[in-house]
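The values are calculated or read from the model by the stated rules, or taken from the named source; none is laboratory data. Predicted model only: the values in this text are computed from it and were never measured. Cβ placement follows ideal geometry from the backbone for every residue including glycine, while neighbour counts extend to all protein chains displayed. Ligands, DNA and RNA are stripped out before the accessible areas are found, and what is left, the full protein with its side chains, is counted by its heavy atoms. Shrake-Rupley method; radii C 1.70, N 1.55, O 1.52, S 1.80 Å.
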Amino acid sequence: FWKYSVPIDIMENIFFQFFYFFFNCIVVLVLVLALVERGSGNNNAYEPEEFLKREYSLTKPYQGLGSSSSSHWELSGNAMITPEHVRLTPDLQSRQGAVWSRIPCYIRDWELQVHFKIHGQGKKNLNGDGLAIWLTKERMQAGPVFGNRNLFTGLGIFVDTYPNEDKHHERVFPYISAMVGNGSLAYDHDQDGRNADLGGCTASVRNVDHDTFLLVRYMRNTLMIMVDVEGKQEWKECLEVPGVHLPQGYHFGASSVTGDLSDNHDLISFKLFELTVERSPEELENEEEVLIPSVDYRDVPVHVVDEGMSTLTLFFLFVFSVVGLVLLIVVALIIYQRWKDRSRKRFY
């Protein structure tokens, strides 16, 4: 038996070689499965490439911000520049400030990341009013909507820190919401914009020790808002609305306002990224130029005011006018006939 047996050292060598070969096979299999899973994941959830557009971005040390014609950004109202931020409004009553891009944006798909800070001496519900992020046709026009004009044309993202309407308690403030305006739809300040907003979410952004961020993504006519306000460095979805149509050539901006209540509203950075999105020939062929901002579906539709009358309205107006005229003529004839009959009886 021992004459034909294999020496122990040879058996150990064979065993280790077999173990090494088996281990390498497992490693290769794991790598292949990981690559396959990654490839299938990319096919199911396409992540577009991002490119920072510096001409539409505002970061430290804010060199592109000023009153000269060569500046990319411009201040208005009580807004001021500091080494650490652009302070839209200080923690004082009755202040208004804004910063606006001078260059109109013609990017089709984009992502905006806003780093901001809201803080002040006022206690909860004794502070106000919040700030807004804009992409609108108009610019540098002060007004009652977080320091910007009402009846705006474009997109408004509102970080509202004070509830004006006490009757409704389903919203917990601070509250982030979005609105698409077409120049005729008003923001109702007394109702906190409930008449026209697209929805939103609660976000604790005031007087926190960590950084607070807001992300606005507009891609394939879908508006998405995400927040990072808990100091965990992760985005959480706040709002997603498909069927949002925004024209190109509008201006980005940010504004804020204080009234009887106040806060510091600081804009730390404003970064715009162009998204590279592949479109099929059919999508490009069916794509139409957007002239007026609109939303396909929403709880409160955005209506464009038509100062003229529709064809159907004119038709019914004509029909009722003719019927009324005929009735008037008939009544007049009856009255005339009776008067004529009475006149004849006087001669008998």
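Which of the residues spanning the range 153-179 are farther than 25 Å from HIS72 by Cα and either modelled with pLDDT of 95 or more or crowded, with 18+ Cβ neighbours inside 10 Å (or both)? Outline the logic, then answer.
As a first pass, look at the range 153-179 and keep what is farther than 25 Å from HIS72 by Cα: 160-179.
Residues satisfying the conditions are ASP160, THR161, TYR162, PHE173, PRO174, TYR175, ILE176, SER177, ALA178, MET179.
Of all residues in the range 184-200 being of a type in the set (Gly, Ala, Ser) and open to solvent by less than 30 Å² (accessible area, probe 1.4 Å), which is farthest from VAL241 (Cα to Cα)?
Here is the first cut: in the range 184-200, the ones of a type in the set (Gly, Ala, Ser) are 184, 186, 193, 196, 199-200.
In the following step, the residues that additionally are open to solvent by less than 30 Å² (accessible area, probe 1.4 Å) were identified as 193, 196, 199-200.
Numbers: GLY193: 17, ALA196: 14, GLY199: 9, GLY200: 10 Å.
Among those residues, the one meeting the criterion is GLY193.
Filter the range 106-123 for residues that are touching a Phe, Trp or Tyr at 6+ places or on another chain (Cβ under 9 Å) and charged (D, E, K, R); which is most open to solvent (accessible area, probe 1.4 Å)?
By that ranking, first place goes to ARG108.
From the list TYR297, TYR250, which residue is farther than 19 Å from LEU151 by Cα and under 19 Å from the mean Cα position of the chain (by Cα)?
Details: TYR250 fails: farther than 19 Å from LEU151 by Cα.
Testing whether each residue is farther than 19 Å from LEU151 by Cα and under 19 Å from the mean Cα position of the chain (by Cα) leaves just TYR297.
Any residue at all in the range 265-287 that's within 19 Å of ASP109 (Cβ to Cβ), among the hydroxyl-bearing types (Ser, Thr, Tyr) and either modelled with pLDDT of 80 or more or open to solvent by 20 Å² or more (accessible area, probe 1.4 Å) (or both)? Spell out how you get there, then give the answer.
Step one: of the range 265-287, the residues within 19 Å of ASP109 (Cβ to Cβ) are 270-287.
Still in the running and among the hydroxyl-bearing types (Ser, Thr, Tyr): 276, 280.
Those left that are additionally either modelled with pLDDT of 80 or more or open to solvent by 20 Å² or more (accessible area, probe 1.4 Å) (or both): 276, 280.
Scanning the range 265-287 turns up at least one residue that is within 19 Å of ASP109 (Cβ to Cβ), among the hydroxyl-bearing types (Ser, Thr, Tyr) and either modelled with pLDDT of 80 or more or open to solvent by 20 Å² or more (accessible area, probe 1.4 Å) (or both).
Within the range 84-96, can you find the residues that are in a strand (DSSP E or B) and within 18 Å of GLY64 (Cβ to Cβ)? Steps first, please.
From the range 84-96, those in a strand (DSSP E or B) are 86-89, 96; that's our starting set.
VAL86, ARG87, LEU88 - these are the residues of the range 84-96 that are in a strand (DSSP E or B) and within 18 Å of GLY64 (Cβ to Cβ).
Please determine, by comparing only the residues of the range 300-334 that are outside any helix (DSSP H, G or I) and loosely packed, with under 10 Cβ neighbours inside 10 Å, which one is modelled with the highest pLDDT.
In the first step, residues of the range 300-334 are kept if they are outside any helix (DSSP H, G or I); the result is 300-310.
With the extra rule that they be loosely packed, with under 10 Cβ neighbours inside 10 Å, the set shrinks to 305-308, 310.
Numbers: VAL305: 40, ASP306: 41, GLU307: 39, GLY308: 47, SER310: 52.
Here the residue is SER310.
Tell me whether the range 46-53 contains one or more residues that are part of a loop (DSSP other than H, G, I, E, B), at pLDDT below 70 and surrounded by 12 or more Cβ atoms within 10 Å (Cβ to Cβ).
In the first step, residues of the range 46-53 are kept if they are part of a loop (DSSP other than H, G, I, E, B); the result is 46-48, 53.
Still in the list and also at pLDDT below 70: 46-48.
In the following step, the residues that additionally are surrounded by 12 or more Cβ atoms within 10 Å (Cβ to Cβ) were identified as 48.
Among the residues of the range 46-53, at least one is part of a loop (DSSP other than H, G, I, E, B), at pLDDT below 70 and surrounded by 12 or more Cβ atoms within 10 Å (Cβ to Cβ), which makes the answer yes.
Can ARG108 be described as in contact (Cβ under 8 Å) with a residue 24 or more places away in the chain and either farther than 30 Å from VAL277 by Cβ or touching a strand residue (DSSP E or B) at 6+ places or on another chain (Cβ under 6 Å) (or both)?
Working: in contact (Cβ under 8 Å) with a residue 24 or more places away in the chain: yes; either farther than 30 Å from VAL277 by Cβ or touching a strand residue (DSSP E or B) at 6+ places or on another chain (Cβ under 6 Å) (or both): no.
The answer is no for ARG108.
Output the qualifying pairs, or none if there are none: Cβ atoms under 8 angstrom, residues six or more apart or on different chains, first residue in the range 60-87 and of a type in the set (Gly, Ala, Ser) and open to solvent by 40 Å² or more (accessible area, probe 1.4 Å), second residue outside any strand (DSSP E or B) and modelled with pLDDT of 90 or more.
From the range 60-87, the pairs are GLY77/ARG95.
Residue check, ARG279 against (1) over 19 Å from PHE51 (Cα atoms); (2) basic (Lys, Arg); (3) free of Cβ contacts under 8 Å to residues at least 40 places away in the same chain, all met but one. Which one?
(1)
I'm trying to understand the selection: among the residues of the range 214-239, which are open to solvent by 60 Å² or more (accessible area, probe 1.4 Å) and of a type in the set (A, V, I, L, M, F, W, C)? If you could, list the steps in order and put the result at the bottom.
Narrowing the range 214-239 to residues open to solvent by 60 Å² or more (accessible area, probe 1.4 Å): 220-221, 230, 232-237.
If the condition is that a residue be open to solvent by 60 Å² or more (accessible area, probe 1.4 Å) and of a type in the set (A, V, I, L, M, F, W, C), then TRP235 is the only one that fits.
Filter the range 124-152 down to the residues that are of a type in the set (A, V, I, L, M, F, W, C), in a loop (DSSP other than H, G, I, E, B) and open to solvent by 50 Å² or more (accessible area, probe 1.4 Å) and list them by number.
At the first step, the residues of the range 124-152 found to be of a type in the set (A, V, I, L, M, F, W, C) are 126, 131-135, 140, 142, 145-146, 151-152.
With the extra rule that they be in a loop (DSSP other than H, G, I, E, B), the set shrinks to 126, 140, 146, 151-152.
Within the range 124-152, LEU126, MET140, LEU151 qualify.
Considering only the range 251-263, state which residues are in a strand (DSSP E or B) and open to solvent by 20 Å² or more (accessible area, probe 1.4 Å).
Here is the first cut: in the range 251-263, the ones in a strand (DSSP E or B) are 251-257.
HIS251, VAL257 - these are the residues of the range 251-263 that are in a strand (DSSP E or B) and open to solvent by 20 Å² or more (accessible area, probe 1.4 Å).
Return only the number of the condition from (1) aliphatic (A, V, I, L, M); (2) within 27 Å of GLU50 (Cα to Cα); (3) not in a helix (DSSP H, G or I) that ALA196 does not satisfy.
(2)
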